[in-house]
Amino acid sequence: MVLKEVDSKQFRDMVRVATHRMGKNAEFVNSLNVFPVPDGDTGTNMNLTIESGAKAVSENPSTSVGDLTESLAKGMLMGARGNSGVITSQLFRGFYKATQGMKTLNAQELANAFTNGVATAYKAVMKPVEGTILTVARVAAQEGADKANDTDDVEEVMKAVVEGAKKALKTTPDLLPVLKQVGVVDSGGQGLLFIYEGFLEGILGENFADQYQPDEGEMDEMINAMHHQSVQGQLATQDITNGYCTEIMVDLNADVPDKKPFDLEEFRKHLSEIGDSLLAVSDGEVAKVHVHTEHPGEVFKYGSQFGQLGKIKIDNMRIQHETIVNDEEEKQEAVDFAVIAVASGNGIRKLFESEGVNRIISGGQTMNPSTADIVDAIKKSGAKKAIILPNNGNIVMAAKQAAEVSDIPVGIVPTKTISQGLTAMLSFDPDASVEDNVEAMTEDLDTVVSGEVTQANRDTTIDDVEIHKNDYLGIVDGSIKVDNVDLVKTTVEMVEKMLDEDSEIVTIMYGRDANKTLADQVVEQLEDNHDDLEFEIHDGGQPVYHFLVSVE
């Protein structure tokens, strides 16, 4: 049977299954990170990006595919995280532009949408690199376009898109040498293939998303994400209509008096009537529930009919929210010219604040903020103009998207490290224009060398450096230079590689997994050979990286 068009119901299925498929495989995509360090987050970023788009689609009651693609594109734009997420959002921005006003999509229109998505994404990237998600998108779209010239069957076009993506993904190591060296395909391209495979499954009517059962770890992550999203979405304490965040775990195998048979859909339906922000999941043996309600006792009573209650948790969100709001209002005031930095670690936050940064967006190496997070920080600053310091190369594109949709002039200083961000602040002039500040602050980025020390999460070889799992790695301006089993020796050797005849100041920020004693040991060994250098030590408190080092 030939399927000649995609209607709104089928498009919703495409988005639903693609979102599920991306979420199910996010950790696998993360594992394809070229660098063997524990901050590979391509899968996480793409998953959160498409989840944001899927949420927007689910909230749009329209029966027009064009309206739904618009919601998908806008949702993904605001939810985009990291370069992979931003590029994915641009692919679907172009997809939407090609489908505006369309009630349904025929085979040719579907192919055209993928093609237009590729054109939009390539324009969004200043220096497109082949062997990445862009290559996978381009070849997939071309295969779809070729098939649309031969058939009017939507299924066949989508199958061609998927096969094109698979074929292109296999070539990424040949196009990008570092992928072949490490022995992986491009992570962003793999993520996009999962999304396209989900689209195909949605068209075919496969219900993998409904059949898949999350494991206990995934259920916990889903509950935590649901609670965070809901609490953050409240505008004011008085807006919280269901004030108790209630969680229970039910052992469905346990015998209880008058036990009732468990049906997940009926379970969800009943709980939705006594609260909101509901998430109820089950693997057949255990059911986990997160719900915001005014009557926690009713949740406990209802759940106990199906098995024995295990974990029980109640939090008063009104008190929590008042504390958060009061703390934020005390810390941050509206300014005329805001400087907004992305950072993680209390010590690093304080360093930026001491340099004149007005607002800090939590994130960086392990959790890239979304476009919406950055837009929100700009709005909350109350400023008439702003500068953004991304402090991570994987956040620059999201920052640029935020600047484009902002209501005030916003400049981006393309800082790729914390050290660059702190150095850039030395040239900030609140009386100068956004453009002049961006120019002056960007010029200073070349005056600092940035180093990072972390642990390897797998064995590999990169740039002739043999890396062993759990060894310490010294990374200089994005290149791995040192591998050693000893943390102090790794850091000392890394700093030695960062120095030149003009070096004057070495700043060391130790993270959560290090301490001042270890930092002092590093300095003591360096001072033996460099009595002309000045050393500074700060408690950064950052995750993942034991030491962040700058040399100026």
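The values are calculated or read from the model by the stated rules, or taken from the named source; none is laboratory data. Keep in mind that this is a model prediction, so the values were computed, not measured. Cβ atoms come from the backbone with ideal geometry, glycine included; neighbour counts cover every protein chain shown.
General observations
- Residue in region 315-333 that is modelled with pLDDT of 70 or more, surrounded by 12 or more Cβ atoms within 10 Å (Cβ to Cβ) and among the polar types (S, T, N, Q) present: no
- Any chance A386 is without any contact (Cβ under 8 Å) to a residue 60 or more places away in the chain and either assigned to a loop (DSSP other than H, G, I, E, B) or touching a Phe, Trp or Tyr at 6+ places or on another chain (Cβ under 9 Å) (or both): yes
- In region 415-432, the residues that are within 22 Å of A398 (Cα to Cα) and polar (S, T, N, Q): T415, T417, S419, Q420, T423
- All strands (runs of 3 or more DSSP E) inside region 434-552 with 2 or more residues being among the charged types (D, E, K, R) and not assigned by TED's automatic domain parsing to the domain that holds L422: 479-484, 534-539
- Test: residue in region 88-95 that is among the hydroxyl-bearing types (S, T, Y) and within 17 Å of the chain's Cα centre (by Cα): yes
- Residue list for region 116-133, restricted to those being in a helix (DSSP H, G or I) and either surrounded by fewer than 19 Cβ atoms within 10 Å (Cβ to Cβ) or of a type in the set (A, V, I, L, M, F, W, C) (or both): V118, A119, A121, Y122, K123, A124, I133
- Answer residue from region 423-455, given it is touching an Asp or Glu at 6+ places or on another chain (Cβ under 9 Å) and small (G, A, S) and is surrounded by the most Cβ atoms within 10 Å (Cβ to Cβ) among those: A424
- Scanning region 269-284 for residues that are closer than 20 Å to G310 by Cβ and at pLDDT 85 or above gives H270, L271.
- Residue satisfying condition, being modelled with pLDDT of 95 or more, over 22 Å from N149 (Cα atoms) and more than 16 Å from the chain's Cα centre (by Cα), within set L105, L68: L68
- Only residues that are small (G, A, S), part of a loop (DSSP other than H, G, I, E, B) and more than 30 Å from S479 (Cβ to Cβ) were counted in region 134-187, giving 0.
A quick yes/no check of all residues on (1) of a type in the set (A, V, I, L, M, F, W, C); (2) surrounded by fewer than 20 Cβ atoms within 10 Å (Cβ to Cβ):
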| site | (1), (2) |
| --- | --- |
| V15 | yes, no |
| N30 | no, no |
| K55 | no, yes |
| P61 | no, yes |
| S71 | no, no |
| R93 | no, no |
| T99 | no, no |
| L105 | yes, no |
| E109 | no, yes |
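- Cβ-Cβ contacts under 9 Å between residues 6 or more apart (or on different chains), taken from a first residue in region 256-272 that is surrounded by 12 or more Cβ atoms within 10 Å (Cβ to Cβ) to a second residue that is part of a helix (DSSP H, G or I), are listed as F267/Y302; F267/G303; H270/Y302; L271/V299; L271/Y302; L271/G303.
- Candidates T115, T132 - the one that is within 22 Å of the chain's Cα centre (by Cα), of a type in the set (S, T, N, Q) and in the same structural domain as L179 (by TED's automatic domain parsing): T132
- With respect to (1) at pLDDT 90 or above; (2) surrounded by fewer than 16 Cβ atoms within 10 Å (Cβ to Cβ); (3) closer than 22 Å to D477 by Cα, the lone exception for P390 is condition (2).
- A residue that is farther than 17 Å from V357 by Cα and in contact with a Phe, Trp or Tyr (Cβ under 6 Å, 6 or more places away or on another chain) occurs somewhere in region 431-452.
- Matching residues, region 408-423, being within 16 Å of D446 (Cβ to Cβ), in a helix (DSSP H, G or I) and under 25 Å from the mean Cα position of the chain (by Cα): S419, Q420, G421, L422
- Pairs where the first residue, in region 50-68, is assigned by TED's automatic domain parsing to the domain that holds I87 and the second is modelled with pLDDT of 90 or more and acidic (D, E), C-beta under 8 Å, 6+ apart: N60/D67; T63/D7; V65/D7
- In region 478-497, the qualifying residues are those that are closer than 16 Å to N515 by Cβ and either in contact with a strand residue (DSSP E or B) (Cβ under 7 Å, 6 or more places away or on another chain) or of a type in the set (D, E) (or both), and the one that is surrounded by the fewest Cβ atoms within 10 Å (Cβ to Cβ) is D486.
- The residue list F428, F352 contains one member that is farther than 21 Å from D477 by Cα and hydrophobic (A, V, I, L, M, F, W, C), which is F428.
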